[in-house]
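Input: a single structure, listed below in structure tokens.
The values are calculated or read from the model by the stated rules, or taken from the named source; none is laboratory data. In this text, all values refer to a predicted model and were calculated from it rather than measured experimentally. When we count neighbours, we look across all protein chains shown, and the Cβ atoms used for this are built from the backbone with ideal geometry, even at glycine.
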Amino acid sequence: MTNHAINLNPQLESKDFFEDPTLPLQIYIRDPQPEFPLHSHNFDELVIILKGTAMHAFDGQEFPVKSGDVFVVARNRTHQYQNMHGLALANILFDAKILMMEQWDIRALPGFHALFSLEPAFRAQHHFQSRLQLSERQLNRVNEIIHDLKRETETRSPGYRVMAKGFFMQLAVHLSRCYSDEPSNESIDLLRLGNAIAHIETHYAEKITLEELAEKSHLSKRHFLRIFHDCIGRSPIDHLMHIRIQKAADLLHHTHRSITEIAFDCGFSDGNYFTRCFRKITGETPRQHRQETHQNPLIFETG
């Protein structure tokens, strides 16, 4: 965190960190990490421990961290580093919604869901044992990427938005793959659940059953439903519907294909049903959405 952000307010605001509103992505390398009070923030934070050790106070619990540990601190979660011994870390602040991470192909990787969504949700239950732990070789590679990312966000040479976002994507892919390489017992459980989520997001146009998803997670259907809702915030079927509508909205904006064709390609067998679902989730019809986004194309630009 930057020194100017230290104040009596425990809630850190994105406007104080993302100087470029079109690129909600910032990186800070702290060596050593300074003392900082218990706080939360209205953005997400990817943490990479570069060296040293500390105790991480997180939502009223404490977990030891050391060199090579990688984890996500989700928005509105309180945390602080205590008992630091030579602690150095990289903080990568990001806003997943504005970056439109829900549309990235990386969501086909179970490790992505495990690292960015599931491990934070299961952190207390797993006592932080399902975190990503990088080997020395993996950490060296991550170091290269984060320094490239830092250079782009600081120098702001022409094209820096694309380059910075590209390096962040590269980092996310690399870490997601690392998570899958040598999973712990706790990580295996998260990867299985991540596999079910990835299946929804890559086969959204096909018929998907709860039984199929539960089998991929190696869980009973009842247990799968409960865990999925706890982690994602909605049921698997509701999540599938949101993915379909999201993909349809993207096609409505970026192609001139008919609404009926788009409906079929996104898993809807009935155009009227597609329109009802689209309106329920977005508040407008597919036709209205296409007209609005074509009139205001910049709302989909990500830098």
Please state which of the following conditions Gln26 fails to meet, knowing it meets all the rest: (1) of a type in the set (S, T, N, Q); (2) surrounded by 20 or more Cβ atoms within 10 Å (Cβ to Cβ); (3) free of Cβ contacts under 8 Å to residues at least 60 places away in the same chain. (3)
Could you tell me whether Phe71 is surrounded by fewer than 20 Cβ atoms within 10 Å (Cβ to Cβ), among the aromatic types (Phe, Trp, Tyr) and not in a helix (DSSP H, G or I)? no
Looking only at the stretch 290-302, and only at residues there that are touching a His at 6+ places or on another chain (Cβ under 8 Å) and modelled with pLDDT of 50 or more, the one that is surrounded by the most Cβ atoms within 10 Å (Cβ to Cβ): Arg290
The condition of being in contact with a Gly (Cβ under 7 Å, 6 or more places away or on another chain) and not assigned by TED's automatic domain parsing to the domain that holds His254 holds, among Ala121, Ala114, only for Ala114
Complete set of residues in the stretch 107-117 that are under 10 Å from the mean Cα position of the chain (by Cα) and not small (Gly, Ala, Ser): Arg107, Phe112, His113, Leu115, Phe116
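Can you name every residue in the stretch 179-200 that is among the acidic types (Asp, Glu) and crowded, with 19+ Cβ neighbours inside 10 Å? It would help to see each step written out before you state the result.
We begin by selecting, within the stretch 179-200, every residue among the acidic types (Asp, Glu); these are 181-182, 186, 189.
Selection gives Asp189 alone.
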Looking only at the stretch 202-230, which residues are crowded, with 19+ Cβ neighbours inside 10 Å and in contact (Cβ under 8 Å) with a residue 60 or more places away in the chain? Tyr204
Of the conditions (1) buried (at least 22 other Cβ atoms within 10 Å of the Cβ); (2) closer than 26 Å to Asn195 by Cβ, Ala90 fails just one. Which one is it? (2)
Any idea how many residues of the stretch 116-172 are assigned to a helix (DSSP H, G or I), surrounded by fewer than 21 Cβ atoms within 10 Å (Cβ to Cβ) and in contact with an Asp or Glu (Cβ under 6 Å, 6 or more places away or on another chain)? 2
Just one of the numbered conditions (1) modelled with pLDDT of 95 or more; (2) in a loop (DSSP other than H, G, I, E, B) is not true of Met241; which one? (2)
One residue is enough: does the stretch 212-233 have a residue meeting the conditions part of a loop (DSSP other than H, G, I, E, B), at pLDDT 90 or above and not assigned by TED's automatic domain parsing to the domain that holds Leu132? yes
Right, Ile208: under 30 Å from Thr275 (Cα atoms) and assigned to a helix (DSSP H, G or I) or not? no
